Ligand SMILES: [Zn+2]
């Protein structure tokens, strides 16, 4: 069987390149309870290169009730070994191995261990270990993701110094058509088409791009160089379009009216892109990544040949048109895009030379993709977890605590930290064992209060209901919650590895009570 | 002093099921009894054994349920293996429901899963009434619509037109596409049903035939031309089968020819399959997220151990991570979850006349209807054996067939013609016989 067939449904999402990146990736999983096992299951099915499972525990009866990767025959055996052998069954293309050791021990004694991996997936770690591992992975430049399930709550967060994305593939993005700012070839093509053509068949097959370029031009000429900007002017522009229709069934004109907002769009680059080209990393040197070298080239292009615009994307959406007009229009957009690409490529090669790198060290295909996606570039940066824990933004914290939509999520965020304090001080999580519930509740409450005070949120408190619930959870790892958290974690890992789409930012707090989960940005 | 509980497979679930809680459902009654009842009495049907169904079966089997059934008409294909984790390469060609049930039972001891390898329409309505909750893992709108209508058909209203709680058949429904998905809870009579919010699933836009025939502009137009026009022209009489590799290759070759003729780039074999089969991209992680949310809500409906989702969760992982809960409202005029369409009849109307009338009814537009009355088949269009058995009823007055009850509920199953599209459907009808006064009504009730 061709391996491509098996991956057909995902190749349609991330393509051959994304798949190749996955097949090269090596993943390390810390702790293989249901949260870790489910995360890894989704990645093994997708065909990652290799997995290494680190867990020192033996399978107990309770594990059979929440982890699909172990069964009766696993009782008493190494959990890492059992989970590993089940995962291997799912996809023999994946190299699967296990290490029977507690992650804690590796974090404390063998920090160089982690540098061999593409991504470390750290599940069910307590705060102290999270902070230590975070420093280790940051130092070794290894991508790290934390995932934790705890009763009906849990968290997922990414920790990577910098993650840059060329193919962010947003769902909805304005087409790059330059209707109000056509380059000479597009203008020439539009001028050669007569909007007043007598033949009704020809009239209704003029593509809306041509209609809008011509109408925008007419408007600009009669309005002192300005585009329609007020609501009244926009309405008027649409009326003008409507007046050009010679029959009710002219879909091209209907499309032109619907697409008229593309004429009103401001020229130039977005504030997001402005921020990227202004980033200090765009001042490149020999240690700069390919991404930033290309940003530097882009910056030069915008200031020079681009006249304030990025390289043209080069594709047009489908629209009512004769085949001939459409194919020609497509060629005009492609030609301009190709020309822009050559300029950027030259500039990138010049920059590489200047910083002492091989001018051809960035492949042509990469530069091409960069140009096509220039408007959609993304830069994600993540702070160290200990910075957030030591110095969270007080203003944000207070805002969340007093916002009804966020109060449960931020409450869980505090309580997830508080249960770790309790575990450190009393050797068990609140409510982990039956009996002594009242004592555990009051301990958790006082721990949470003092944590809030330490963070500077004096006087603010969490509801009794939430504290009681957290004790009731007693560190239970429910399968459905673990599968949810594991699903989210694996999704983010895929985005990090393929460098496609945009990974989450902040801390995702799962709220399994009413599903009003939130992303919290606290630093 | 804290004690370690004796070892139990229910170690983690017990904390949530045995301990009292604060943010829980109104009927939550924690204790060993609750856990045992879930295991012993709760019966859940999983509809679909694909990407969502495999996950749902695993999640439910590890959420304290022991009586599960699964229904799916499909066989395993190679392209399922990147996400339908219960299937292996050597399973290709076997029925999904059977393999999925077997695999989960192998791994989770004590769980019983009954597979049904058939179409959802092949089961009679009574089959569905047997379950406490129905979990839907489907990728088709028509199938969702059908199960929704079945579940809503059990809903009865009291004399004040309030839904009767004991007749509510809750559903949880999930759906995914790429990095996006939704999970929802449907409690007929309380939340909107699938049909109340059908606008959430707009019909797929098809290319106009004139575009395909005269002004193709992109690769998909060339492919659909080969598939929808050229095939019939050249191979008329032979039905196109999307699962036949030779047929697919033929369409691809024709599409390439057409694309060359018009100078259109981009026709590939993979795109041809995608367009012709309307392939929805699918990955393991999204299915895992959505199914887990559905399983968790199923456990909440069955146990009330926490509040429930109210009532629609969306997940989008394309740009960052967005989850959102929306509380949709019921359509009070919904034909499916409402009290049923009222039909006033004379006592002399025969069953045949009644069936004919349904076809012309402006709200119903249901043709070739089979009619059931409290589970009893009054007339069945198929299979032939049943048709023959019930044919003689056609000439009898409906009033007599309904034991002279002046007001009652009937179910009609047939072909629904909506927006020029035909689909199987079920409608609940409130029949009211004219000229029967209240005294008779009371007499009948007393005599029943
Ligand atoms: Zn409804």
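Before moving on, here are some points about what is shown:
- When restricted to Cα atoms, region B:285-341 yields an Rg and a Dmax of 14.7, 45 Å, respectively.
- Global geometry of region A:184-264, whether rounded, prolate or oblate, following the gyration tensor of its Cα atoms and the 1.5 cut on a/c: oblate
- Footprinting exposure proxy for B:9, B:238 (fewest neighbouring C-beta atoms within 10 Å first): B:238, B:9
- Sorted by Cβ density within 10 Å, fewest first, the residues A:323, A:521: A:521, A:323
- In terms of its C-alpha gyration tensor, region B:304-370 comes out prolate, because a/c is 1.5 or above and the ratio a/b outweighs b/c.
- As a rough guide to protection, the peptides A:120-127, A:210-217 ranked by mean Cβ packing within 10 Å, highest first, stand as A:120-127, A:210-217.
- Evaluated over the Cα positions of region B:209-276, the convex hull gives a direction-averaged projected area, one quarter of its surface, of 4.1 nm².
- Counting only other chain Cβ atoms within 10 Å of each residue's Cβ, the peptide B:257-265 averages 2.
- Rounded tilt (10° steps) of A:8-24 against the dominant C-alpha axis of chain A: 60
- Helical contribution to [θ] at 222 nm, DSSP H n ≥ 4, -39,500 (n - 2.57), averaged over chain A, rounded to 500: -16000 deg cm²/dmol
- Spin-label pair residue B:243-residue A:270: with each label point 7 Å from Cα along the Cα-Cβ axis, the two points sit 4.3 nm from one another.
- Peptide-level mean, for B:23-29, of C-beta atoms on other protein chains within 10 Å: 2
- With the simple model of a label 7 Å out from the Cα in the direction of the Cβ, residue A:424 to residue A:249 spans 7.5 nm.
- Residue-averaged [θ]222 nm for chain B, counting only DSSP H segments that reach four residues, each worth -39500 (n - 2.57): -9500 deg cm²/dmol
- Residue separation of residue B:209 and residue B:356 scaled by 0.36 nm, minus their Cα-Cα distance, works out to 49.5 nm of gained length.
- For region B:332-355, backbone nitrogen atoms closer than 16 Å to the point 7 Å from residue B:367 Cα along Cα-to-C-beta are found at B:355.
- Of the residues B:248, A:504, A:69, the one with the fewest other Cβ atoms within 10 Å heads the list, and the complete ranking is B:248, A:504, A:69.
- Across peptide B:321-327, the average count of Cβ atoms from other chains found within 10 Å of a residue's Cβ is 5.
- Projecting label points 7 angstrom from Cα along Cα→Cβ for residue A:20 and residue A:417 puts them 4.4 nm apart.
- When chain B is treated as a Gaussian network with alpha carbon springs shorter than 10 Å, the biggest mean-square fluctuation among B:423, B:153, B:145 belongs to B:423.
- For residue B:119 and residue B:346, the FRET efficiency from 1/(1 + (r/R0)^6), where r spans their Cβ atoms and R0 equals 35 Å, is about 0.40.
- Gyration tensor (alpha-carbon) shape descriptor, chain B, a/c threshold 1.5: oblate
- Kirkwood hydrodynamic radius of the protein assembly as shown, from the reciprocal of the average inverse Cα-Cα distance over all distinct pairs: 31.5 Å.
- Most mobile listed residue (B:305, B:433, B:240) in chain B, GNM with C-alpha springs under 10 Å: B:240
- Considering only B:146, B:128, B:252, the Gaussian network model of chain B with Cα springs below 10 Å gives its largest mean-square fluctuation to B:252.
- Of the peptides B:43-50, A:197-204, the order by per-residue mean of other Cβ atoms within 10 Å, starting with the highest, comes out as B:43-50, A:197-204.
- Gained length - residue B:260 relative to residue B:432, 0.36 nm times residue gap less alpha-carbon distance: 55.5 nm
- Across region B:286-358, C-alpha contacts under 8 Å between residues 6 or more apart give a mean separation that, scaled by the residue count, equals a relative contact order of 15 percent.
Taken together, the values in this text are just the output of simple stated rules run on the coordinates, not laboratory data. Predicted, not measured: the structure shown is a model, and the values here were computed from it. Backbone-built Cβ (ideal geometry, glycine too); neighbour counts: all protein chains shown.
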